[in-house]
Amino acid sequence: MWSDTDRSARQHRKGTGDQRSDFERDRDRILYSSAFHRLAGITQIVRAGEANVFHTRQQHTIKVAQVGRRLAQKLVREQAKAAAFRGLDPEVVEAACLAHDLGHPPFGHIGEHTLDELVIRHDDDGFEGNAQSFRILTKLAIRFPDADGMDLTRATLAASLKYPWYRQKTGKQARKWSAYQSEADDFQFARAFHQHAEKTLEAELMDWADDVAYSVHDLEDFHRCNALPWQKVFAEKDKIIDHAMGGSKDPVRRVALTEAYNRLKEFLDGTYSILLSEPYEGAREQREQLRRLTSTLIGKYIGAISINDNPSQEKAVKFDEDLVNEVQILKQITRDYIIGSPTLAAQQHGQKKIITDLYDALTSHPHNPDGYPPFLPVRLRYLRPIAGTSPARFVADCIASLSESEAIALHSRLTGAATGSVLDPIVR
C-alpha cells in the first residue's frame with residue numbers, strides 16, 4: 001500500500017542527508033525543539049514544580065514515547081505483513097508521541113479551556129491543544145531560515161493527528177480536533193492518502209500509548225503522595241462506574257465497566273493489598289512493589305491493541321475491549337479523586353485568571369507598527385507576521401508558547417503584583 005517516497009515526503013525538503021533515516025530525523029527535530037523543552041515547565045495534572053513526586057508534561061511525554069515505541073516494535077515483529085500494509089515505523093510512532101502535547105498551554109487543560117473560551121469570540125477555530133501541536137510542527141517552530149515549522153515527513157505529520165479533522169459545530173468534532181483552518185495546506189499534505197476520518201495506524205498507537213501512560217503513571221504519582229483514598233475507591237464502585245458511563249444508559253456498557261472494575265479491584269486489592277492499605281513513605285519494599293505494579297499494568301495494556309489486517313476496513317487497529325475498559329476505570333479514578341478535588345479546583349481558578357489577564361493585556365494594549373504591544377517579550381515577536389494569523393490566534397500563540405513560570409512572572413509584572421527588574425527579560 002505504501003512506498004517510502006509517499007511516507008517520507010516533506011513539503012519543503014529542508015535539511016541535508018546524514019546517517020539517519022528520514023523518520024529518525026523527524027524524531028530528533030522534535031526532541032531538540034524549544035517546544036519540547038518548554039514541556040518541562042508545563043502541568044500534567046498538578047502544577048509543574050510543585051513537588052518532585054509529580055510528572056511534568058515533559059516527563060509524561062517521554063514515557064508515552066517509550067510505550068509507543070515498544071508497542072510499535074512489538075507489532076512489527078508479530079504482524080509484519082499488516083504493519084507493512086498499514087504503514088508502521090517505530091521512529092514515526094515515537095516522533096508522534098514526542099509531539100503529541102507540544103501545544104498544551106500553561107496550566108494544562110484549564111489553560112486550554114480558558115484560551116478556547118477567549119479565542120472563539122474572535123476566531124471560529126478557538127483553541128485546542130492538539131491543533132496547537134500541529135501548528136507548532138508546521139508553522140511556529142523555528143528550524144530553517146526560509147521555511148516555517150520543522151518540515152517533518154508526511155508520515156510523522158499524519159501520526160501526530162490524534163483527531164484528524166477540523167473543528168465542527170456539533171458532535172465529537174466540536175469538542176476535539178487536530179488542525180486549525182490556518183494549517184489547511186499542511187493538514188491536506190499529511191492526510192493526502194487518507195480520504196476518511198480514521199487515524200493512521202501510527203496515530204492510533206500514539207493515542208493508545210498516551211492513554212496507557214496517563215492511566216498508570218498519574219495514579220502512581222498520587223499514590224506516592226498519599227492522595228488516593230484507596231479504601232474509598234474500593235468501596236464506591238457504583239459512583240465510579242456511573243461517572244465512567246458518561247451519561248450513557250447502555251446496560252451492556254455498564255456490565256462491561258463493572259466487570260473491568262471488579263478485575264482491577266481483585267488485582268489491586270489482592271496482590272497489592274498491603275501497599276495500598278498503608279501510608280506511602282518511600283520504603284524500599286513499597287518502592288519495589290509500586291514499580292512492579294506499574295510495570296505489570298503497562299505490559300498488560302500494551303497487549304490491548306493489534307493491527308487490523310482486513311484491508312477493506314479503514315480502521316487501522318483492533319482493541320481488546322476488556323483492557324480498554326480497565327484503562328477507562330483507572331482514568332476515572334484519577335478524575336474522581338484527584339482532578340475533582342477542591343484544592344486542585346481552587347488552584348485552577350487562579351490559573352484561569354492568569355491566562356485571562358494575559359489575554360486581555362495582549363489584546364487591549366495598542367500595538368506598535370510591527371503588530372505587537374511594546375511589552376511583548378522579544379522571543380515571541382516573530383509570531384505576529386505568520387501567514388493566516390488572526391489577532392486572537394496571535395495572542396493564543398504567544399500565551400501557549402510560555403512555560404508556567406514565565407506566564408506567572410509576566411502576569412505579575414503586567415498587573416503590578418511584582419515590578420521585577422528591567423534586567424530580567426522573563427522570557428528568554
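I need the fraction of alpha carbon pairs in segment 243-352 separated by more than 17 Å, rounded to a whole percent.
Distances greater than 17 Å cover 68 percent of the Cα pairs.
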>> Could you give the length gained by full extension between Glu259 and Ser34, i.e. 0.36 nm per residue of separation minus their alpha carbon distance, to one decimal place?
In response: 76.6 nm
>> Under 5 Å between amide hydrogens, which residues at least 5 positions from Lys318 or on another chain qualify, with H placed 1.01 Å from N in the peptide plane?
In response: Ser306, Ile307, Asn308
> Between His243 and Glu281, what length comes free when the chain is fully extended (0.36 nm per residue of separation minus the Cα-Cα distance, one decimal in nm)?
Replying inline: 10.6 nm
> With springs only between Cα atoms under 10 Å, which of Ala131, Ala418, Ala147 fluctuates most in a Gaussian network model of the chain?
Replying inline: Ala418
> Of the labelled options [x] 48.3, 188; [y] 26.6, 109; [z] 22.2, 67, which one gives Rg and Dmax of the Cα atoms in Å as computed for this structure?
Replying inline: [z]
>> Testing the spin-label approximation: label points 7 Å from Cα along Cα→Cβ at Thr170 and Ser312. State their distance in nm.
In response: 3.2
> How big is Rg to Rh over segment 272-428, alpha-carbon atoms, Rh as the Kirkwood inverse-mean-distance radius?
Replying inline: 1.15
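Using alpha-carbon pairs under 8 Å, 6+ residues apart, how would you state the relative contact order of the chain in percent?
Working: 613 pairs, mean separation 77.7, N = 428.
Relative contact order comes out at 18 percent.
Averaged per residue, what accessible area in Å² does the chain show with a 1.4 Å probe, protein chains only?
Details: 19360 Å² over 428 residues.
Normalised by residue count, the accessible surface of the chain is 45 Å².
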>> For a test of understanding, tell me how many lysine pairs in segment 209-358 have Cα atoms under 19 Å apart, given they are 8 or more places apart or on different chains.
In response: 12
> Farthest toward the dipole's positive end in segment 105-259, which of Asn130, Gln188, Gln231, given Cβ charges of +1 (Lys, Arg) and -1 (Asp, Glu) about the Cα centre?
Replying inline: Gln231
> When Lys and Arg each count +1 and Asp and Glu each count -1, what net charge do the other residues less than 10 Å away from Ala209, Cβ to Cβ, add up to?
Replying inline: -2
>> As I understand it, the dipole of segment 335-428 uses +1 on the Cβ of Lys and Arg and -1 on the Cβ of Asp and Glu, about the Cα centre. Which of Ala417, Pro385, Ala400 lies farthest toward its positive end?
In response: Pro385
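Rounded to the nearest 0.05, what FRET efficiency do Arg413 and Ala84 have when you use their Cβ-Cβ distance and R0 = 41 Å?
Details: r = 55 Å, r/R0 = 1.34.
It comes to 0.15.
Which percent of the accessible heavy-atom area of the chain goes to carbon and sulfur, probe 1.4 angstrom? Walk me through the numbers before you get to the answer.
On the way: 9860 of 19360 Å².
Ligands and nucleic acids excluded, carbon and sulfur give 51 percent.
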> Amide H neighbours of Ser401 under 5 Å, counting only residues 5+ apart in sequence or on other chains, H built in-plane at 1.01 Å?
Replying inline: none
> Add -39500 (n - 2.57) for each DSSP H run of 4 or more in the chain, then divide by its residues: what number comes out at 222 nm, to the nearest 500 deg cm²/dmol?
Replying inline: -17000 deg cm²/dmol
>> Starting from the 7 Å offset along Cα-to-Cβ, what nm value, one decimal, do you get for the label separation of Cys225 and Lys74?
In response: 3.0
>> Assuming 0.36 nm per residue, please report the length gained on full extension of the stretch Val252 to Thr343 beyond their Cα-Cα distance.
In response: 29.2 nm
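Let me check I've understood the local charge: for Tyr163, count other residues with C-beta under 10 angstrom from its C-beta, Lys and Arg +1, Asp and Glu -1. What total comes out?
Numbers: positive: Lys162, Arg167, Lys172, Arg175, Lys176, Lys199; negative: Glu128, Asp207.
Here the count lands on +4.
The values are calculated or read from the model by the stated rules, or taken from the named source; none is laboratory data. Computed from a predicted structure; not experimentally measured. In this analysis, Cβ positions are derived from the backbone assuming ideal geometry, glycine residues included, and neighbour counts consider all displayed protein chains. For the accessible areas, the whole protein counts, side chains as well, though only heavy atoms, and no ligand, DNA or RNA atoms are used. Shrake-Rupley method; radii C 1.70, N 1.55, O 1.52, S 1.80 Å.
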